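Colleague: Mind looking over this structure? Questions follow.
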2 protein chains.
Amino acid sequence: MKKLINSPDTVLAESLDGFAAAHADIVTLGAERKFVRRARTTPGKVALISGGGSGHEPLHAGFVGLGMLDAACPGQVFTSPTPDQMIAAAEAVDGGAGILFIVKNYEGDVMNFDMAAEMAGKDIMKVVTDDDVAVEASTWSTGRRGVAGTLVVEKVVGAAAEQGRSLVELQALGTNVNLATRSMGVALTSCTVPAAGTPTFQIGDDEMEMGVGIHGEPGRRRVKLEPADRIAEEMVHAIHEDLGKAGDALLLVNGFGGTPSMELYLMYHAARTQLEKRGFAIRRSLVGNYVTSLEMAGASVTVTLLDDDMAKLWDAPVHTAALRWGV
Amino acid sequence: MKKLINSPDTVLAESLDGFAAAHADIVTLGAERKFVRRARTTPGKVALISGGGSGHEPLHAGFVGLGMLDAACPGQVFTSPTPDQMIAAAEAVDGGAGILFIVKNYEGDVMNFDMAAEMAGKDIMKVVTDDDVAVEASTWSTGRRGVAGTLVVEKVVGAAAEQGRSLVELQALGTNVNLATRSMGVALTSCTVPAAGTPTFQIGDDEMEMGVGIHGEPGRRRVKLEPADRIAEEMVHAIHEDLGKAGDALLLVNGFGGTPSMELYLMYHAARTQLEKRGFAIRRSLVGNYVTSLEMAGASVTVTLLDDDMAKLWDAPVHTAALRWGV
């Protein structure tokens, strides 16, 4: 294992300490590093809390701040955070208007966020994201996996929360954004979880995992590496077929951590070309490493069908470590 | 070679087309893809133009926009752009107040920017960045290499240009920022130039290249991989010794493309701890992949000693693909 670390046991703590120090104007680290919260919260606003296993940075801590999340709970790498983390986060950022949990659809996450919601004794609702069209069920999830589309849900719902919308309205909005969003990914290499020390999976020098999950878990099939245009075509086909229609859209090309910017923009070009052929009009774009799998090489394509409300909420000011505009 | 591409011959063109389409609100691609320019330029402002070999994205095209560059000229991967590119860019963004070239100190870049300055028949000055303390001369440069500190020069001088400062003032400011800036990097893996198809260098599973350049070129020495704290200590020692003093500082921890966010924040934590021990006060921070070497794993540490003017210019609004705040 070749990483810039001191010891597998301290990676998460040292990384969180660095994150909190680098972004002290935006976030504060909770006691025992149970959560990352906004440095300033807004009384009377619904609080948005997300979280999940670490290793997907900047998701979720990188999306804590004005216009997005109020807090994020980091689990160990690829491991759900525990209910006491969500409960502590809820205590810390509760503004008196209720709390919305945004949870990626993995069994551990859903179970632990549900347990926290029951135990917290607060007005809590949840949105579960499951935007990955690659597989209908996986080694990690019952039903589809929540992947990069979670960013879109967090951004849009976060902006609506700043406007003062109610918990029930935000839950409905989050559900709608998730329903309007589809993703699919491809991996060219594995990643290595620090505590494991060896690659999560083996893959040949000429192979790719089509439909890979964000923990390196299997997708649809292992095949020979194809040209970017062919990969984009397959992803866009799967996404379009599953959406059932084309329209005004947000296109997010997300890197998994080990693929350079040059290739991500090339994939954006390829995916956009495919989408436009199918009648999509790309109204908003985002390209970069946002929902990663440590240093895995590969990328995912996410498409969200936008209505006017969602487009305006996407454009609204955001001030987080990883997404920032209008502020 | 395992990359999300169609053909090594079309990587740059397709990537630039994707970049321009994704950021059409900020940039426009010049004819024959000779340069990336701001979608809107400001008459009467000194125009800032940079450029260099591709493969370091987001540098430089990702820094084109309000508050930073007016244009960037992308060469082929790790290959200087040609003088006709800089001349075309100068024609396109000349606001009548002169042009400042910001050039990383590599022989090809310096030669071609100098040639362009002579041939363009315009009022052109230049700032050459050479912030890398690792080696005094290299396989690619006479004198020190210009690396991630170039971002700091582009941001600070870009903000000053928006204020209406003169060409002479901006040239002096850029020179001063470069003089106040030092960097050093480490690589854990090589990168692969698409047209070459094989790794730029070989490195053992337990080795690192200390002092590596941003083209994967040799640094100070090849040694066994060490803990992050030790690596940070060596980098900070070299930087501090060369600066000759401590003080208020900007700390940039820059990923080379293949190292995940988790490790970059851990390195930030380690470098900051070392700097604070030595009497530096970290006033501004930036952590991420900004000056990369394709998919190389590794990171660099950059320290700029800040005066009040530089700190204010760093904070000034910027609206580019890769750096954005205040807008």
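The values are calculated or read from the model by the stated rules, or taken from the named source; none is laboratory data. Just so it is clear, the structure is predicted and the values come from calculations on it, not from any experiment. Counting neighbours? That spans all protein chains shown, and the Cβs are built from the backbone with ideal geometry, glycine included.
Colleague: Quick one: A:ALA92 ticks every box in (1) without any contact (Cβ under 8 Å) to a residue 60 or more places away in the chain; (2) in contact with a strand residue (DSSP E or B) (Cβ under 8 Å, 6 or more places away or on another chain); (3) over 20 Å from A:ASP130 (Cα atoms); (4) buried (at least 19 other Cβ atoms within 10 Å of the Cβ) bar one, so which box is it?
Modeller: Tallying (1) without any contact (Cβ under 8 Å) to a residue 60 or more places away in the chain; (2) in contact with a strand residue (DSSP E or B) (Cβ under 8 Å, 6 or more places away or on another chain); (3) over 20 Å from A:ASP130 (Cα atoms); (4) buried (at least 19 other Cβ atoms within 10 Å of the Cβ), A:ALA92 fails exactly one: (1).
Colleague: Based on what the data block shows, is B:THR28 within 22 Å of B:ALA161 (Cβ to Cβ) and among the polar types (S, T, N, Q)?
Modeller: yes
Results for (1) in contact with a Leu (Cβ under 7 Å, 6 or more places away or on another chain); (2) assigned by TED's automatic domain parsing to the domain that holds B:HIS60; (3) crowded, with 24+ Cβ neighbours inside 10 Å, shown as yes or no for each residue.
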{"site": "B:GLU207", "(1), (2), (3)": "yes, no, no"}
{"site": "B:PRO218", "(1), (2), (3)": "no, no, no"}
{"site": "B:GLU226", "(1), (2), (3)": "no, no, no"}
{"site": "B:SER261", "(1), (2), (3)": "no, no, yes"}
{"site": "B:TYR265", "(1), (2), (3)": "no, no, yes"}
{"site": "B:GLN274", "(1), (2), (3)": "no, no, no"}
{"site": "B:SER285", "(1), (2), (3)": "yes, no, no"}
{"site": "B:ASP309", "(1), (2), (3)": "no, no, no"}
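Colleague: Shifting gears a bit: Does any residue of the range A:304-317 turn out to be closer than 24 Å to B:ASP17 by Cα, more than 7 Å from every other protein chain (Cβ to nearest Cβ) and part of a strand (DSSP E or B)?
Modeller: For the range A:304-317, residues closer than 24 Å to B:ASP17 by Cα, more than 7 Å from every other protein chain (Cβ to nearest Cβ) and part of a strand (DSSP E or B): present.
Colleague: What number goes with the only condition from (1) touching a residue at least 12 places away in the same chain (Cβ under 8 Å); (2) of a type outside the set (S, T, N, Q); (3) farther than 24 Å from A:ALA148 by Cβ that A:GLU118 does not pass?
Modeller: Result: A:GLU118 fails condition (1) only.
Colleague: Moving to a separate point now. Could you run through the range A:49-71 and say how many residues are more than 15 Å from A:LEU323 (Cα to Cα), within 14 Å of another protein chain (Cβ to nearest Cβ) and aliphatic (A, V, I, L, M)?
Modeller: 0
Colleague: Any idea how many residues of the range A:11-38 are within 12 Å of chain B (Cβ to nearest Cβ) and either modelled with pLDDT under 95 or over 25 Å from B:ALA281 (Cβ atoms) (or both)?
Modeller: 2
Colleague: Among (1) in a helix (DSSP H, G or I); (2) within 14 Å of another protein chain (Cβ to nearest Cβ), which single condition is B:VAL301 missing?
Modeller: Only one criterion is unmet by B:VAL301, namely (1).
Colleague: Counting just the residues of the range B:272-287 that are under 20 Å from B:ASN178 (Cα atoms) and of a type outside the set (A, V, I, L, M), which one comes out nearest to the other protein chains (Cβ to nearest Cβ)?
Modeller: B:SER285
Colleague: Okay, next question. Between A:LEU12, A:LEU48, which is surrounded by fewer than 23 Cβ atoms within 10 Å (Cβ to Cβ), aliphatic (A, V, I, L, M) and either in contact (Cβ under 8 Å) with a residue 24 or more places away in the chain or in the same structural domain as A:SER190 (by TED's automatic domain parsing) (or both)?
Modeller: A:LEU12
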